[in-house]
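Every number in this text was worked out from the coordinates using simple rules, so none of it is lab data. This is a predicted model, so every value here is computed, not measured. Don't worry about glycine lacking a Cβ; one is built from the backbone with ideal geometry, like all the others, and counts go over all protein chains shown.
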Amino acid sequence: MNVKGIQISRDAEMDLCDGRDFYESQERGVGEYFWDSLISDIESLLVYAGIHRKEYGYYRMLSRRFPYSIYYDVVEEVAYVIAVLPMRRDPAWYKEKMSKRNYTSGVQEYPIQDA
């Protein structure tokens, strides 16, 4: 299913910032590579939104280059990114995080849209 736009929640944006900061603290430049890689993965939702399996009520896409999951939903031809979470955690941690997330709280317009 192609979507016409992508919106990222404030929580998901903070997840991206946390990941960038973590990788940048490991080695200079890796944080920006993380950011660029995850944004590229998110941009791919313009073409691939809706093909991933659902988990915790949202679609779950795996990042291609980092051990992160991108949780999103599709509503009226828009992909709403709800969370961008590291995969190396206890499943109970995911359940708690995802129970507090939704696409109606603090969504920001993402600049990439289908032409």
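Go through segment 42-54 and count every residue that is free of Cβ contacts under 8 Å to residues at least 40 places away in the same chain and under 23 Å from PRO91 (Cα atoms). Summing the residues that are free of Cβ contacts under 8 Å to residues at least 40 places away in the same chain and under 23 Å from PRO91 (Cα atoms) in segment 42-54 gives 3.
Annotation: of all residues in segment 6-34 being hydrophobic (A, V, I, L, M, F, W, C) and closer than 24 Å to LYS100 by Cα, the one that is farthest from the chain's Cα centre (by Cα) is PHE22.
Quick grid of which residues meet (1) among the aliphatic types (A, V, I, L, M); (2) touching a Gly at 6+ places or on another chain (Cβ under 7 Å); (3) crowded, with 18+ Cβ neighbours inside 10 Å:
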position	(1), (2), (3)
GLU13	no, no, no
GLY31	no, no, yes
PHE34	no, yes, yes
SER40	no, no, no
HIS52	no, no, no
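Pairing residues of segment 1-29 that are closer than 16 Å to SER40 by Cα and without any contact (Cβ under 8 Å) to a residue 60 or more places away in the chain with residues that are surrounded by 13 or more Cβ atoms within 10 Å (Cβ to Cβ) and not hydrophobic (A, V, I, L, M, F, W, C), at Cβ distances under 9 Å and at least 6 apart in sequence or on separate chains, gives ARG20/GLY31. The combined condition, being under 18 Å from LYS95 (Cβ atoms), of a type in the set (Ser, Thr, Tyr) and in contact with a His (Cβ under 9 Å, 6 or more places away or on another chain), is not fulfilled by TYR68.
Counted as qualifying within segment 1-87 are the strands (runs of 3 or more DSSP E) with 1 or more residues that are charged (D, E, K, R), namely 58-62, 68-75.
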